[in-house]
Every structure is written in structure tokens, then in C-alpha cells.
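The structure under discussion appears below in the form of C-alpha cells.
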Amino acid sequence: MSGTQTLTTQTGTYSYSVSEGENGETIYDLSRVFQDGALPVGAIVIHPDYNPFPEVPGLLNVQFGKGGAERDERTDVPMLGEELEAAFIIGHQLVNPADLDVDPQAEKESAPKVRFLRGHLRAAATEVKSPSTTASKATFLAVQDLVTELVKIYRADKATAKREAKYGKFLDAQRAEVLAPQIKEVDDQIKALQLRKAQLTDKLNGYKAA
């Protein structure tokens with residue numbers, strides 16, 4: 001998927017372009033479309049669960065802004081808040097794309113939306129430094145609508161599988177970092193047990209010889 005696309009949510013229309021991050025993340029650079037033109041509002045980044053060994057398979061991480069895991073490492077933090085003093089949406093949310101899978105036999109009054117597993121959003125007056133607060137309900141619903149549409153686009157993108165494979169390789173290095181000290185701990189336990197076994201065997205042989 002290339003070039004500029006548009007999407008419409010219940011709270012507005014956005015144009016967006018898609019690019020790939022260093023580790024296979026999918027970056028959506030967003031602009032809000034108004035009658036007089038479009039204004040850039042920042043970026044939302046989507047990639048698989050960042051946990052090396054996820055408890056729930058298939059989750060996606062939705063990051064508000066480009067850059068690292070910490071807030072002060074981010075740029076292009078999206079201005080999606082409904083209030084001026086809480087215009088910037090910060091942090092990240094894990095979502096389950098399976099929330100969007102509709103059961104054809106189920107009766108639903110409205111289209112399904114992704115759920116934010118944290119249950120709330122954080123907003124602030126600036127990208128960094130300023131204190132954050134819980135986003136208003138109006139902001140929550142607007143961001144939820146937008147993220148829902150982006151997750152649909154992410155799943156339909158033919159490049160997603162390749163990007164997710166690249167992100168998986170990135171996680172492999174983190175998995176190795178987690179496992180290496182665990183193996184060292186087990187190895188130390190084995191050495192201690194071997195020493196204890198040798199000590200007990202020595203005692204046992206002494207009793208047998210008596």
C-alpha cells in the first residue's frame with residue numbers, strides 16, 4: 001500500500017500515508033481533513049505485541065507517536081484529543097484484532113470495535129514533559145474509532161505479513177536476552193546439585209566401607 005489514502009470514522013475524515021519502521025513496524029502518518037484543507041495531526045504505529053513471550057497470542061501494539069518506548073523518545077505524537085489542554089494522546093495500547101471478527105449468526109446493534117486492554121487513554125498538553133491525564137470519554141471514543149479503522153487497514157495490507165516477520169526477528173534478540181540468564185541460573189543449579197551429589201556419594205561410600 002503506497003501513496004496517500006483516506007479513511008472516515010464516526011468523528012471525522014483522515015488522510016494517511018504508510019511507511020515501514022526499522023524493525024518492521026507499520027507507521028501511519030495522519031492528517032485530519034477539513035473543508036478548508038488537511039492538517040497533520042501526527043502518527044500512529046502498529047506492530048505485533050512487544051512482549052517477547054506474550055500470554056495472549058495475536059495481540060497488536062498501537063503506539064501513539066514514532067520512536068522508542070518512553071514518552072520523551074517519541075516524535076509526531078498524535079493530536080487527537082478533544083480538549084486543547086489534553087490534545088496529545090500518549091503512550092500505547094495493546095488491542096486484540098479478533099475483536100473485529102464478526103460472528104455472522106450474532107445480532108449486533110453496531111459494528112465491532114477494538115478494545116483497549118489498558119481500559120483508558122492518557123492525554124497531555126504537549127508531546128513531552130507536561131503532566132498527563134486520563135482522556136475524556138469523547139476523546140476515548142474518537143481514538144477508538146480511528147484505531148479500529150487503522151487495525152482493519154493493517155490486517156488487509158499485503159505487506160503486513162512481511163513486516164510482522166521482520167518484527168518477529170527483532171523480538172528474537174529480546175527473547176535470547178530473556179532466556180540466557182535463565183539458562184545460566186539452571187546451569188548454576190546443576191553445578192550445585194552435582195557438588196551436593198558428590199558430597200553425599202562420598203558419605204555413602206564411607207558408610208559402605210565401614
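Taking only Cα atoms, what is the 0 to 90° angle, nearest 10, from helix 160-209's long axis to the longest principal axis of the chain?
20
Sort the stretch 114-185 into rounded, prolate or oblate with this rule: let a ≥ b ≥ c be the square roots of the eigenvalues of the Cα gyration tensor; rounded if a/c is under 1.5, and if a/c is not under 1.5, prolate when a/b is larger than b/c, oblate otherwise.
In terms of gyration-tensor shape, oblate.
Using the Cα gyration tensor of the chain, with a ≥ b ≥ c the square roots of its eigenvalues, what is the shape: rounded (a/c below 1.5), prolate (a/b larger than b/c) or oblate (neither)?
prolate
Helix 137-156 sits at what angle to the longest principal axis of the chain, using alpha carbons and giving 0 to 90 degrees rounded to 10?
Rounded to the nearest ten degrees, it is 70.
First measure r as the distance between the Cβ atoms of E73 and D36, then evaluate 1/(1 + (r/R0)^6) with R0 = 30 Å and state the FRET efficiency to the nearest 0.05. If you can, show how the numbers build up before the last one.
Working: r = 34 Å, r/R0 = 1.13.
Given R0 = 30 Å and the Cβ-Cβ separation, E is 0.35.
If the label point is 7 Å along Cα→Cβ of S136, which residues in the stretch 71-102 have backbone nitrogen under 12 Å from it?
Backbone N within reach: 81-87.
Dipole size in debye (nearest 20) for the stretch 63-196 around its Cα centre, Lys and Arg Cβ +1, Asp and Glu Cβ -1?
460
Restricting to DSSP H runs of at least four residues, report the calculated mean residue ellipticity at 222 nm for the chain, -39500 (n - 2.57) per run over all residues, nearest 500 deg cm²/dmol.
Calculated at 222 nm, the ellipticity per residue is -12000 deg cm²/dmol.
Can you compute the modelled spin-label distance between K184 and A125, with each label point 7 Å from Cα toward Cβ, in nm?
Between K184 and A125, the simple spin-label model gives 4.6 nm.
For the stretch 146-210, what is the accessible area per residue in Å² when the probe is 1.4 Å?
75
How charged is the neighbourhood of T26? Take every other residue with its Cβ under 10 Å from the Cβ of T26, and add Lys/Arg as +1 and Asp/Glu as -1. Don't jump to the answer; show the numbers that get you there.
On the way: positive: R163; negative: E20, E25, D157, E164.
With Lys, Arg at +1 and Asp, Glu at -1, the net is -3.
The values are calculated or read from the model by the stated rules, or taken from the named source; none is laboratory data. Here the structure is a predicted model, which is why all the values come from computation and not from measurement. With ideal geometry, Cβ positions are generated from the backbone for all residues, glycine too; neighbour counts draw on all protein chains shown. Only protein heavy atoms, including side chains, enter the accessible area calculation; ligands, DNA and RNA are left aside. Shrake-Rupley method; radii C 1.70, N 1.55, O 1.52, S 1.80 Å.
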